[in-house]
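One structure is given below, encoded as structure tokens.
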Amino acid sequence: MTTTATMTTDRLIPHEWQEADIERLLFWDCTGLAAIETGGGKSLLAVETVLRSGHHTRGAVLIIAPKSTFKKTWELTFQRQGGITPRRINSTRAGKEAELDLRFNTPGVYLINHELFARRDWDGLQIELCVVDECHKMSNYALVTKNKRTSGAWRLVHFKAKRRLAMSATPYRNKFENMWTILRWLYPEDNKAGGLADRSFWRWADDNCVVEQDYFAGKVVRGEITPGRLVSRIPCYIYHAKRNACCKWHPNGFMDTDEPEQIVRTVELTPAMKKAYSQLERDLVTWLGDNPLVVELPIVMRTRLRQMSLGSLTVNDDDSVTYAVDCESPKYDDLKLVLEDEIPDEPALVVTHSREFALVLAEKLRRDGYTVAEWNGSLSQKQRDAEGERFANGDARVLVATIASLGTGTDFLQHVTSTIIWMSRTDDPTENKQTEGRLDRMGALGRVTSIEIQAEGTYDEGVLSKDLRHALELNGSLAQTATGH
């Protein structure tokens with residue numbers, strides 16, 4: 001099975017299965033849900049569908065996508081496949097002109113990021129076609145039911161487009177109930193009782209979900225009643241998995257390479273770090289030098305425990321918690337062993353949930369003689385692109401990235417390295433899955449090696465187990481009860 005599309009004069013020729021997906025979307029007038037795991041060619045599917053439909057010549061086609069994907073994914077693919085340059089909507093003069101033309105449904109293709117889309121009032125606007133990439137970013141059902149009018153989810157449900165395409169490897173993120181939001185936008189006409197997109201969330205949940213009564217939270221959703229039943233009812237539903245049966249073309253998934261090799265390395269905290277960690281778990285307070293670190297909420301507890309497993313913490317004058325460049329870090333010591341002994345002279349992607357630690361980690365590596373590029377939320381997209389170029393060109397051996405900034409849409413790393421090293425994960429399985437998908441995708445160098453550096457006896461071990469459970473649940477609800485197209 002071929003894993004990369006054939007190229008003719010720089011234009012990608014879709015595979016047979018991609019052609020079938022494009023034809024299916026055109027049959028359903030470009031409206032549907034594409035749940036394709038990372039690296040499965042979602043952007044090519046959308047671009048070819050737009051170009052062949054011709055809707056961009058009759059009115060406005062809006063692509064809502066992460067800003068990090070504008071240049072290397074959407075603009076490049078539209079230019080390569082159809083010689084079209086999408087117009088970005090932003091705060092520049094050209095961006096404001098593009099937004100005005102969009103509001104008048106002027107023919108063309110427009111790009112906007114999720115955050116800016118959420119800040120705009122789109123009342124009264126109707127365009128020809130809207131494509132939402134990484135739709136899970138705007139799927140939070142609670143923001144719709146609570147009428148949060150400035151949220152991406154509320155804006156999306158109320159955004160009028162004649163045709164609608166939602167795409168994501170994980171459409172409902174970590175909560176199955178978020179599928180209600182996506183379906184409310186995709187199929188607003190199907191809002192009757194028992195329909196795909198019932199106007200009443202709880203009536204819809206009672207029909208499709210396991211609903212339980214929680215003493216503290218009230219009614220809560222625990223998942224789908226019959227995994228796969230809901231997606232089997234969607235008129236145009238496209239599903240492709242990397243290594244699970246998903247359609248007649250992929251009895252074992254669309255990836256030829258084996259599943260990433262998972263290597264877990266365990267380090268021991270220093271005595272001082274271990275004492276502080278244990279004290280925080282036991283008493284919700286620990287001492288960092290002369291400064292008390294107090295935790296009141298469980299979510300803050302998880303954050304602090306993850307922080308403490310990375311390195312010894314410092315409390316600043318403003319009571320914020322951070323790391324000194326010379327902080328003790330058994331994880332960093334082990335990272336150097338990996339770079340020097342396990343993958344000498346090879347490029348590597350190093351990720352963490354903590355921006356503060358990412359900054360310190362990059363500086364530590366530089367001081368020890370490594371060439372380093374950075375990718376985190378403190379850098380503008382232009383700066384991140386420049387750092388990415390340094391890594392891609394071989395000017396930096398290590399790319400240190402935060403999971404939140406890298407996890408969605410970045411599409412070049414699979415051509416640079418096949419090694420990802422986890423210093424820490426987030427509490428969000430979707431973000432972790434998306435991050436691993438930056439390397440484990442079609443066109444990759446080969447089988448991915450995923451190296452996890454865990455601190456013994458800490459919160460690290462539970463996060464990885466949670467990710468595995470989430471992957472199994474996700475596969476159950478996204479795979480149709482009757483597989484096939």
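Among all positions in segment 137-154, there is no residue which is open to solvent by 10 Å² or more (accessible area, probe 1.4 Å), β-branched (Val, Ile, Thr), within 30 Å of Leu12 (Cα to Cα) and modelled with pLDDT under 95.
Scanning segment 344-368 for residues that are among the charged types (D, E, K, R) and modelled with pLDDT of 95 or more turns up Glu363, Lys364, Arg366, Arg367, Asp368. Taken as a whole, segment 56-65 holds at least one residue that is open to solvent by 70 Å² or more (accessible area, probe 1.4 Å) and touching a Pro at 6+ places or on another chain (Cβ under 8 Å). Can you tell me which residue among Arg229, Arg222, Arg203 is touching a residue at least 12 places away in the same chain (Cβ under 8 Å) and over 24 Å from the mean Cα position of the chain (by Cα)? Answer to the check: Arg229. Do we find a residue being of a type in the set (Phe, Trp, Tyr) and open to solvent by 10 Å² or more (accessible area, probe 1.4 Å) anywhere in segment 376-394? No, that holds for no residue. Considering only residues of segment 450-485 that are modelled with pLDDT of 75 or more and open to solvent by 30 Å² or more (accessible area, probe 1.4 Å), which is nearest to Thr170 (Cα to Cα)? Among residues in segment 450-485 that are modelled with pLDDT of 75 or more and open to solvent by 30 Å² or more (accessible area, probe 1.4 Å), the one nearest to Thr170 (Cα to Cα) is Tyr459. Within segment 96-123, the set of residues being part of a helix (DSSP H, G or I), of a type in the set (Lys, Arg) and open to solvent by less than 90 Å² (accessible area, probe 1.4 Å) comprises Arg103 only. In summary, helices (runs of 4 or more DSSP H) completely within segment 339-420 and bearing 1 or more residues that are more than 19 Å from the chain's Cα centre (by Cα) occur at 355-367, 381-392. Which residue out of Arg164, Arg173 is in contact (Cβ under 8 Å) with a residue 40 or more places away in the chain, within 20 Å of Gly223 (Cα to Cα), touching a Ser or Thr at 6+ places or on another chain (Cβ under 7 Å) and among the charged types (D, E, K, R)? Result of the check over Arg164, Arg173: Arg173.
Of all the listed residues (Thr430, Thr426, Thr435), the sole one being assigned to a loop (DSSP other than H, G, I, E, B), of a type in the set (Val, Ile, Thr) and either in contact with a helix residue (DSSP H, G or I) (Cβ under 8 Å, 6 or more places away or on another chain) or surrounded by 15 or more Cβ atoms within 10 Å (Cβ to Cβ) (or both) is Thr426. Scan segment 237-256 and report the pairs whose first residue is under 17 Å from Ser168 (Cβ atoms) and whose second residue is open to solvent by less than 60 Å² (accessible area, probe 1.4 Å) and hydroxyl-bearing (Ser, Thr, Tyr), with Cβ atoms within less than 7 Å and a gap of 6+ or a chain change. Short answer, once both residue conditions are applied: Cys246/Tyr239. When the test is whether a residue is modelled with pLDDT of 95 or more and out of contact with any Leu (no Cβ under 9 Å at 6 or more places or on another chain), Thr38 does not pass it. Whenever a residue of segment 301-328 is touching a residue at least 60 places away in the same chain (Cβ under 8 Å), its partners that are open to solvent by 40 Å² or more (accessible area, probe 1.4 Å) and assigned to a helix (DSSP H, G or I), lying with C-beta atoms within less than 8 angstrom and at least six residues away or across chains, give the pairs Leu305/Glu281.
Per-residue answers, yes or no, for (1) over 16 Å from Glu177 (Cβ atoms); (2) among the β-branched types (Val, Ile, Thr):
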site	(1), (2)
Asp207	no, no
Gly218	no, no
Arg222	no, no
Pro235	yes, no
Asp258	yes, no
Val264	yes, yes
Val267	yes, yes
Ala272	yes, no
Lys275	yes, no
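The values are calculated or read from the model by the stated rules, or taken from the named source; none is laboratory data. All of these numbers come straight from a predicted model, not from anything done at the bench. A quick note on method: Cβ atoms are made from the backbone with ideal geometry, for glycine too, and the neighbour counts reach across all protein chains shown. Just the protein is used for accessible areas: all its heavy atoms, side chains included, with ligands, DNA and RNA removed. Shrake-Rupley method; radii C 1.70, N 1.55, O 1.52, S 1.80 Å.
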